[in-house]
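The values are calculated or read from the model by the stated rules, or taken from the named source; none is laboratory data. Treat the numbers as computed from the prediction; the structure is a model and nothing was measured. Cβ coordinates were reconstructed from backbone atoms using ideal geometry, including for glycine residues, and neighbour counts include every protein chain displayed.
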Amino acid sequence: MNKYFPEVSKVLYEGKDTKNPLAFRYYDPQRKVGDKTMEEHLRFSMAYWHTLCASGVDMFGSGTAVRPWDKLTKPMDIAKARAEAAFEFMVKMQIPFFCFHDVDIAPEGENLTETFKNLDEIAALLKDLMKQTGIKLLWGTTNLFTHPRFLHGASTSPNADVFAYSAARVKKTMEITKDLGGENYVFWGGREGYETLLNTDMKLEMDNLARFLHMAVDYAKEIGFTGQFLIEPKPKEPTKHQYDFDVASVIGFLKTYGLDKDFKVNIEANHATLAGHTFQHELRLARINGLLGSVDANQGDELLGWDTDQFPTNLYVTTLAMYEILLNGGLAPGGLNFDAKVRRGSYEPIDLFYGHLAGMDAFAHGLLAAYKLLESRELEDFVAERYSSYTKGIGEKIVKGEVGFKELAEYAMDHQEIKHTSGRQELLETIVNKYIFEA
Ligand code: XLS
Ligand code: CA
Ligand code: CA
C-alpha cells in the first residue's frame, strides 16, 4: 500500500521532542492511560467525505485540491482509487476507523437500481480492504441533502415521494453498514428544517421525521442490524433552522416521540459553537442524560459564523472534551471522527496527513491532561464541597423529597442570614492549565 501517497511513510510516535513534522508527539497508540491504551480511548476515525472527496470548492472559487486520482475520468474508476487511497492513508496514519455517506463511496447512477449496483460494487471493495488492513467502520450514513431532490428536505419534505425515496436510500446504506460490520449509524438532518414558517407545517414535518426514525429502528430489528443509532445535532446550515438544533432539542424530540431508548447523539464540536454552546456543554448535557454516543472531532473559527470544519488543535477544548468522555466511561461503540477538512490553501495531499496528525496529537494530549486532572480529583472535590449543603440538613431533605414549600418557608424564617462561598473560577482555570502544561 504505497501507491497514492508515496511521499509519506507510516507516521509513528517519536515523542514530544521530535523534529520530524510527520511523527506523533503525543499519540502513542499502545501507551496505557489507566486501564486502556490510547488507541482504545480515542477510537480515531477518518471522514471519507472530507479526506477523499473534498475539492476545496467554496462559494467564491472552484476546487484547488491536487489528488492522486485527478487524471481519472470515469466515476467508478475514481471511486475505486479513492477507496484504495483511503486505506493507504489510514494505514499510514494509524487510524483504525472510518465513516462514510453513501454518495462518498460510489457515484449515483441514472436511477436507484444503478446507484445501488455502484454502491454494492464499492462496498465489496471496501470489505476486502477492511479485511486486509483490520480497519473498521465506525459509522455509515446517507446523504439526504446534496441532490436537488432534497431541496425541501428528506423525511420532512412536503412531498411524500421524497419521504419514500429517502427511506429507500437509508434502507440501502443501513444494509451496507451492517454488511461492513459498522458499529453505528448516523442521522444528520441537514435539510430537515425550514427556510420560512410561512410555507411550513412544522407539526407534520416533525411528526414525519419521527415516523421515519421509527421505521429505521423497525428495519434495523428486521435485518438484525445491532449498531447504535445516532442523531447529530446542528442548529442551521444549510437550512435556516434545523429541527435537531442542539443536544437539548434532540433530547426533547426523542422523548416526545418515544425514541430515546433507540438513539444517542453524535456531537460535533463546530455544531456546538454554531448553536451558541461550548463543545463541553453539549458533551456534558448528553453525558448526564446517558445519551453521549460519538463525537465529530473538529473545530470552528471563533470569528466566523459558519461551519468551517477545521482540524481540532485547541488543547483547552480537547482537554475538556476528553474530561467529559472519560467521565462517560469512553465513547465505544462510538469514537472520535475527524469531520474536518484541510483549508482551501492547503491543497497538497501531504496536508491531509498534517491535518490528521494535528488533530490526533491534540486529542492525545487532551486525553493525558484530562486523565491526570480527573485522577487528582481537584475539580470533583471542589464541586462536591460546593454542593455539600445538599448532603445534610435541609438540603438533604430537599433532595430526598421530604419537604415542600410549607416546611421550607418555616426553615427560611429561622435561617435568613445566608452565607456564600466563592466560586473560585480563576483558581479552577489555573488548575486546568496546570494539567495541560504538564501533559
Ligand atoms: C455536516 C455534518 C455531516 C454529518 C454526516 O455539517 O457534519 O457531515 O456529520 O452527514
Ligand atoms: Ca459531522
Ligand atoms: Ca460540520
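What to note about this one:
- Of all residues in the range 156-170, those satisfying the criterion of being closer than 21 Å to Asp244 by Cβ and either assigned to a helix (DSSP H, G or I) or β-branched (Val, Ile, Thr) (or both) are Thr156, Val162, Phe163, Tyr165, Ser166, Ala167, Arg169, Val170.
- Hits in the range 226-262 - residues which are under 14 Å from Ser294 (Cβ atoms) and over 14 Å from the mean Cα position of the chain (by Cα): Gly227, Val250
- The range 16-39, residues that are part of a loop (DSSP other than H, G, I, E, B) and of a type in the set (A, V, I, L, M, F, W, C): Leu22
- On inspection, Ala286 passes the criterion of being crowded, with 24+ Cβ neighbours inside 10 Å, more than 12 Å from ligand 3 (Cβ to nearest atom) and under 17 Å from Val186 (Cα atoms).
- Identity of the residue in the range 246-266, surrounded by fewer than 21 Cβ atoms within 10 Å (Cβ to Cβ) and of a type in the set (S, T, N, Q), that ends up farthest from Lys234 (Cα to Cα): Thr256
- Checked against (1) under 26 Å from Phe60 (Cα atoms); (2) within 16 Å of ligand 3 (Cβ to nearest atom), Asp296 passes all but a single condition, namely (1).
- Residues of the range 48-83 satisfying the condition of being over 28 Å from the mean Cα position of the chain (by Cα) and basic (Lys, Arg): Lys71, Lys74
Here is a yes/no grid of residues against (1) within 26 Å of the chain's Cα centre (by Cα); (2) of a type in the set (Asp, Glu); (3) at pLDDT below 95:
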site: Met1; (1), (2), (3): no, no, yes
site: Val8; (1), (2), (3): no, no, no
site: Tyr13; (1), (2), (3): yes, no, no
site: Pro21; (1), (2), (3): no, no, no
site: Asp28; (1), (2), (3): yes, yes, no
site: Gly34; (1), (2), (3): yes, no, no
site: His41; (1), (2), (3): yes, no, no
site: Ala85; (1), (2), (3): yes, no, no
site: Gln94; (1), (2), (3): yes, no, no
